[in-house]
Amino acid sequence: MSGEGSAPLPVREKETAEAPAEAGPSKNALKKAQKEAEKAAKKAAAKKADEEKRAAQQSQAAEDTAKDLYGPLPEDDIREIHLKKLGEEHIDKEVTIITRIHNSRSQSAKLAFLMLRQQGRTIQAVVAAGDVISRQMVKYATSINVNSFVRVSGIVKSPNPPVASASISNLELHVTRIYLISKAIEQLPMQVKDAERPPPASAEEGAVDAEGAPIVTLKTRLDNRVIDLQTECNQAILTISGAVQALFIEYMYKSGATPLNTPKLLGTATEGGSGVFEVNNYFGKSAFLAQSPQLYKQMLIAGDCESVFEVGPVFRAENSNTHRHMTEFTGLDFEQVFSKHYHEVLTFAENLIVFIVTELQSRHKEEIDVVKKFFPRAGDFRIKDGKALRLRYLEGIQILKDAGVDTTEQDNFVTDLTTAQEKKLGQLIRAKYDTDFYVLDEFPYSVRPFYTKRHPTNPDLSYSYDFFMRGEEIMSGAQRVNDADELEAAMREKGVDPNSDGFADYVNAFRQGCRPHAGGGLGLNRIVQFFLGLDNVRQATPFPRDPQRLRP
Ligand code: ATP
């Protein structure tokens with residue numbers, strides 16, 4: 001019976017009236033049976049739909065004429081070639097490349113365009129449905145996330161007109177297979193195409209260009225450096241940076257110099273405490289990061305090494321937030337004995353820069369041209385007649401004076417040239433001598449460190465030199481003091497205690513005799529920056545470190 005307050009259904013009342021109560025099912029039992037029947041019907045319908053779906057998929061797969069030509073990477077023997085090796089000799093041939101998807105565009109269900117990128121180089125690929133290539137394959141190609149790695153095979157064609165947006169504009173790939181190797185996430189923190197424009201002059205975030213595309217600041221680029229490095233321009237800069245290092249080694253090694261490494265962990269802050277990073281848990285003591293290999297290069301010379309060089313990290317604890325200073329950079333250092341005059345070493349160093357610049361210009365023209373698209377000064381670095389211009393420091397001051405620059409402090413040997421004066425001098429020298437590389441020799445003794453050899457006839461000056469590219473310093477060097485007594489006196493004069501920890505070993509190195517020697521220290525990152533005319537030394541450094549940046 002129905003419970004209290006529930007209204008009995010008319011039909012049920014009828015059933016109850018016509019049939020004896022004990023023979024018919026109860027109302028509850030009827031309800032239950034009805035529910036079960038509904039449930040069974042639903043289940044059957046779901047099963048049927050499932051079966052139909054599976055059947056449809058199976059038949060679709062059976063119809064997909066390209067089902068083995070796309071998807072996950074299969075195991076096969078197909079060998080890829082590098083995009084940089086692709087040329088017109090491959091036209092009408094099938095090639096296989098491994099690239100990232102730079103971007104993709106679906107034209108219709110039967111046609112899609114992909115831009116493929118390998119180490120900054122881009123090439124257009126066409127996926128067109130036909131007898132073998134299916135619509136499913138076209139859809140698959142455009143469904144792959146931008147930046148994913150794919151292995152693509154295709155017939156090389158010569159597009160007419162050339163594909164202006166691709167760096168390889170004279171060739172195009174008509175895709176025959178495409179397989180996914182490694183998937184990129186859907187939402188990249190920064191797009192490679194956005195990093196392909198030079199950073200804006202302002203550091204303000206969120207700016208957009210005339211077409212509404214984001215202008216990415218240098219900070220955002222450096223925060224996302226792994227993506228930033230993938231641009232065509234940065235790939236070329238990295239190649240040139242590697243080349244400068246390799247050319248330095250080539251030149252040095254060919255000259256008979258020995259590549260050696262000096263310690264970067266020191267027990268004392270040897271070259272002035274302010275610019276040194278302290279490591280404060282060196283087994284219960286303090287240690288310091290080397291701010292130059294200077295003293296050790298000289299101790300190697302005292303140890304009969306005659307001619308040495310090193311490529312290694314240099315640490316500077318200076319809070320200099322400029323376009324050319326970092327707290328860690330790559331130093332290219334050398335030191336060598338000479339027979340008669342330190343100018344033998346100076347000439348050797350000048351020829352080093354001439355060698356690096358001319359070899360870069362002949363071996364890496366392609367990369368320089370790429371950088372030039374983004375930094376227009378890249379191609380115009382000039383060394384007149386392939387020879388360094390050497391001037392005396394005082395001649396440089398005179399050029400500035402003649403141009404109306406105030407040089408009172410430099411006249412009194414109080415300070416070195418300021419950065420602004422150096423840049424101005426660079427412009428004046430380019431205008432007067434038609435060169436971007438010059439050397440100033442015989443700096444004032446007062447602005448150089450204690451190990452610098454004093455000028456024998458003019459005690460205000462020294463046997464020291466700086467090298468400049470586009471008016472900014474890339475190298476400092478000098479003849480060094482090689483006599484222990486003279487060194488001790490020079491140290492005292494410059495306020496350094498020769499008997500203090502860290503210096504005693506150095507001074508003692510000269511007590512058992514040491515040949516006259518000279519050398520220099522160059523900054524790799526600055527050479528790349530100024531050779532290519534980049535705005536900032538960080539753009540010439542894979543993962544720069546400065547007072548604000550210790551990541552990535
Ligand atoms: P600057 O006057 O520009 O500060 P510096 O006189 O301190 O340079 P040196 O100590 O003589 O430079 O170092 C030799 C070379 O090392 C420099 O000519 C430059 O190429 C490079 N260098 C020096 N300091 C830095 C730095 N903080 N960041 C990048 N490179 C540097």
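Only one of M469, M491 is within 16 Å of the ligand (Cβ to nearest atom) and in contact with a helix residue (DSSP H, G or I) (Cβ under 9 Å, 6 or more places away or on another chain); which?
M469
Would you check if I353 is free of Cβ contacts under 8 Å to residues at least 40 places away in the same chain, surrounded by 20 or more Cβ atoms within 10 Å (Cβ to Cβ), more than 20 Å from the chain's Cα centre (by Cα) and part of a helix (DSSP H, G or I)?
It is false that I353 is free of Cβ contacts under 8 Å to residues at least 40 places away in the same chain, surrounded by 20 or more Cβ atoms within 10 Å (Cβ to Cβ), more than 20 Å from the chain's Cα centre (by Cα) and part of a helix (DSSP H, G or I).
Can I429 be described as surrounded by 23 or more Cβ atoms within 10 Å (Cβ to Cβ) and within 27 Å of R377 (Cα to Cα)?
no
Give the stretch 16-43 a look and list any residue that's at pLDDT 80 or above and open to solvent by 100 Å² or more (accessible area, probe 1.4 Å), or say none.
Within the stretch 16-43, K31, K32, Q34, K35, E36, E38, K39, K42, K43 meet the criteria.
Determine whether G331 is within 21 Å of A478 (Cβ to Cβ), within 28 Å of the chain's Cα centre (by Cα) and within 16 Å of the ligand (Cβ to nearest atom).
Yes: the conditions hold for G331.
Among residues belonging to the stretch 523-533 that are hydrophobic (A, V, I, L, M, F, W, C) and surrounded by 24 or more Cβ atoms within 10 Å (Cβ to Cβ), point out the one that is nearest to the ligand (Cβ to nearest atom).
I527
For F443, all conditions in the list (1) within 33 Å of the chain's Cα centre (by Cα); (2) within 12 Å of the ligand (Cβ to nearest atom) hold save one; what is the number of the exception?
Looking at each condition in turn, F443 falls short on (1).
Would you confirm whether any residue within the stretch 521-530 is in contact with a strand residue (DSSP E or B) (Cβ under 7 Å, 6 or more places away or on another chain) and assigned to a loop (DSSP other than H, G, I, E, B)?
Scanning the stretch 521-530 turns up no residue that is in contact with a strand residue (DSSP E or B) (Cβ under 7 Å, 6 or more places away or on another chain) and assigned to a loop (DSSP other than H, G, I, E, B).
When P542 is evaluated against the numbered criteria (1) farther than 30 Å from A236 by Cα; (2) open to solvent by 10 Å² or more (accessible area, probe 1.4 Å), which criterion, by number, is the only one it fails?
Among (1) farther than 30 Å from A236 by Cα; (2) open to solvent by 10 Å² or more (accessible area, probe 1.4 Å), the lone unmet condition for P542 is (1).
In the stretch 174-206, which residue that is of a type in the set (A, V, I, L, M) and open to solvent by 40 Å² or more (accessible area, probe 1.4 Å) is modelled with the lowest pLDDT?
Restricting to residues being of a type in the set (A, V, I, L, M) and open to solvent by 40 Å² or more (accessible area, probe 1.4 Å), the top hit is A203.
Restricting attention to the stretch 507-522, report how many residues are more than 15 Å from the ligand (Cβ to nearest atom) and either of a type in the set (A, V, I, L, M, F, W, C) or within 24 Å of D466 (Cα to Cα) (or both).
Qualifying residue count, the stretch 507-522: 7.
The values are calculated or read from the model by the stated rules, or taken from the named source; none is laboratory data. This is a predicted model, so every value here is computed, not measured. Note that we place each Cβ from the backbone using ideal geometry, even for glycine, and neighbour counts take in every protein chain shown. Ligands, DNA and RNA are stripped out before the accessible areas are found, and what is left, the full protein with its side chains, is counted by its heavy atoms. Shrake-Rupley method; radii C 1.70, N 1.55, O 1.52, S 1.80 Å.
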